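What follows is a single structure, written as structure tokens, with notes after it.
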Amino acid sequence: MHKIDPINVTVIGSLAVDMVVRLDDFPLPGQTIMAKSLDYFFGGKGANQAVAAARLGAKVKMIGKLGNDTHGARYRELLQSEGIDTSHLFTSADATGLAQIMINRAGENQICVIPAANHTFDLSDVAAIEEDLTEGSMVIMQHELHRDITQTLIRLCHEKKVRLILNPAPAYPIAEELLPMIDILTPNETELSVLTALPTETEAQVYAAARHLRDLGVRTVVTTIGSRGAVIADENGIRTVAGFPVKPVDTVAAGDSFNGALAYELSRGTSIDTAVRYANAVGAITVTGVGAIPSLPTADQLKAFLAERGIDI
Ligand code: RIB
């Protein structure tokens, strides 16, 4: 009988087509500027995380909603060609989500998301995916589906004893009663500040804000701090796992690839410190490439990157 591989990581989240404009400097309010180029890439935080995990070797299921349009059809094909299970990737009457992204000469980005189909993921879709939320399974979500749906899903994952990673991007405050339902919360420094209403400019401030979330019941907080790496706060204390400095070309999807890698490594029993180290490397490789999905590394690329730095996996 044909053996079906068990899913390592279930991603519930967004899919979008990124319209990427490169320019020297971001425009100021009221200013018109001339751009250098415009490119289209597949993106969306959910799908980026799904492809990141799949390229590293995970068996991934992507749950979300695409538009009934050419973008949606092409995106579905792409995910299938990456070996991702799309059986619960639904189709909306709305258009596929879009993101307008500007990248300046320093490789920094500004992103504006048009949710479209992503915000039509509703309670009937939640009911249709309940069977995917099995005890002990690894689920990762972000903040690009509708806020009410995200809250419903956090509760449901908790009820079903799913291991939930929540990447709170883009950031908005999370109700305190939901915090103890999250196994691993993965903000960046800015998002950590929004979640806690505390400053996060220095490492000491990041430590204090992460401890605050732990006090409110989050089991593990992993805060990404750019090229410096990531800060883990869990029952074993708080510590920084160093990053891998590289020359950034385009930082879009660096956080997503970090999250996809983290979910995959944890799903196969890697310790949190080692998982974060690998995820830091995956994030670093991602910023050296252009576009979201095109810049996500494979397991071989990760291995080579680490080997160049004397790390064996
Ligand atoms: O994190 C990067 C992603 O954010 C982009 O791909 C864009 O679609 C937005 O969702």
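Determine which single condition Thr298 fails, assuming it passes every other condition in (1) more than 16 Å from the ligand (Cβ to nearest atom); (2) modelled with pLDDT under 95. If we test Thr298 against (1) more than 16 Å from the ligand (Cβ to nearest atom); (2) modelled with pLDDT under 95, just (2) comes out false. Among the residues of the range 241-273 satisfying the criterion of being among the hydroxyl-bearing types (Ser, Thr, Tyr) and in contact with a strand residue (DSSP E or B) (Cβ under 9 Å, 6 or more places away or on another chain), which is farthest from Lys45 (Cα to Cα)? For the range 241-273, the residue satisfying everything is Ser267. Six or more apart or on different chains, Cβ under 8 Å: which pairs go from a residue in the range 37-48 that's touching a residue at least 60 places away in the same chain (Cβ under 8 Å) and on the phi > 0 side of the Ramachandran plot to one that's of a type outside the set (Phe, Trp, Tyr) and more than 11 Å from the ligand (Cβ to nearest atom)? Could you list them? Here the result reads Gly44/Gly64, each pair linking the range 37-48 to a residue that is of a type outside the set (Phe, Trp, Tyr) and more than 11 Å from the ligand (Cβ to nearest atom). Checking Ile84, Ile7 one by one, the residue that is at pLDDT below 95 and farther than 16 Å from Val290 by Cα is Ile7 and no other. Restricting the range 6-19 to residues that are of a type in the set (A, V, I, L, M, F, W, C) and either more than 9 Å from the ligand (Cβ to nearest atom) or not in a strand (DSSP E or B) (or both), which is surrounded by the fewest Cβ atoms within 10 Å (Cβ to Cβ)? Result: Met19. The listed residues are Gly283, Gly237, Gly310, and the only one of them that is at pLDDT below 95, over 18 Å from Leu164 (Cβ atoms) and not basic (Lys, Arg) turns out to be Gly310.
Considering the range 237-251, and only residues there that are farther than 16 Å from Ile184 by Cβ, of a type in the set (Val, Ile, Thr) and in contact with a Gly (Cβ under 7 Å, 6 or more places away or on another chain), the residue that is nearest to the ligand (Cβ to nearest atom) turns out to be Thr251.
Residue by residue, here is whether (1) farther than 28 Å from Glu131 by Cβ; (2) outside any loop (DSSP other than H, G, I, E, B) holds:
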position	(1), (2)
Gly64	no, yes
Leu79	no, yes
Ile101	yes, yes
Arg105	yes, no
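Of the residues Ser227, Ser271, the single one that is more than 16 Å from the ligand (Cβ to nearest atom) and without any contact (Cβ under 8 Å) to a residue 24 or more places away in the chain is Ser271. Look at the range 277-292: where a residue is outside any helix (DSSP H, G or I) and a partner is among the aromatic types (Phe, Trp, Tyr), sitting 6+ places away or on another chain with Cβ atoms under 7 Å, you get Gly291/Phe41; Ala292/Phe41; Ala292/Phe42. Scanning the range 125-181 for residues that are touching a His at 6+ places or on another chain (Cβ under 8 Å), within 24 Å of Val51 (Cα to Cα) and in a loop (DSSP other than H, G, I, E, B) returns Leu145, His146, Asn167, Pro168, Ala169, Pro170, Ala171.
Among the residues making up the range 106-148, those that are farther than 13 Å from Phe90 by Cα, away from the ligand (no atom under 16 Å from the Cβ) and surrounded by 12 or more Cβ atoms within 10 Å (Cβ to Cβ) are Asp132, Leu133, Thr134, Ser137, Met138, Val139. The residue of the range 81-97 that is nearest to Gly13 (Cα to Cα), among those that are assigned to a strand (DSSP E or B) and of a type outside the set (Gly, Ala, Ser), is Leu89. Only residues that are more than 18 Å from Ile182 (Cβ to Cβ), surrounded by fewer than 21 Cβ atoms within 10 Å (Cβ to Cβ) and of a type outside the set (D, E, K, R) were counted across the range 237-260, and they come to 10. The test for being within 15 Å of the ligand (Cβ to nearest atom) and not polar (S, T, N, Q) does not hold for Asp234. Taken over the range 20-49, the criterion of being within 12 Å of the ligand (Cβ to nearest atom) and of a type outside the set (D, E, K, R) is satisfied by Val20, Tyr40, Phe41, Phe42, Gly43, Gly44, Gly46, Ala47, Asn48, Gln49.
The values are calculated or read from the model by the stated rules, or taken from the named source; none is laboratory data. Just so we're clear, the structure is a prediction, and the values are computed from it rather than from any experiment. A quick note on method: Cβ atoms are made from the backbone with ideal geometry, for glycine too, and the neighbour counts reach across all protein chains shown.
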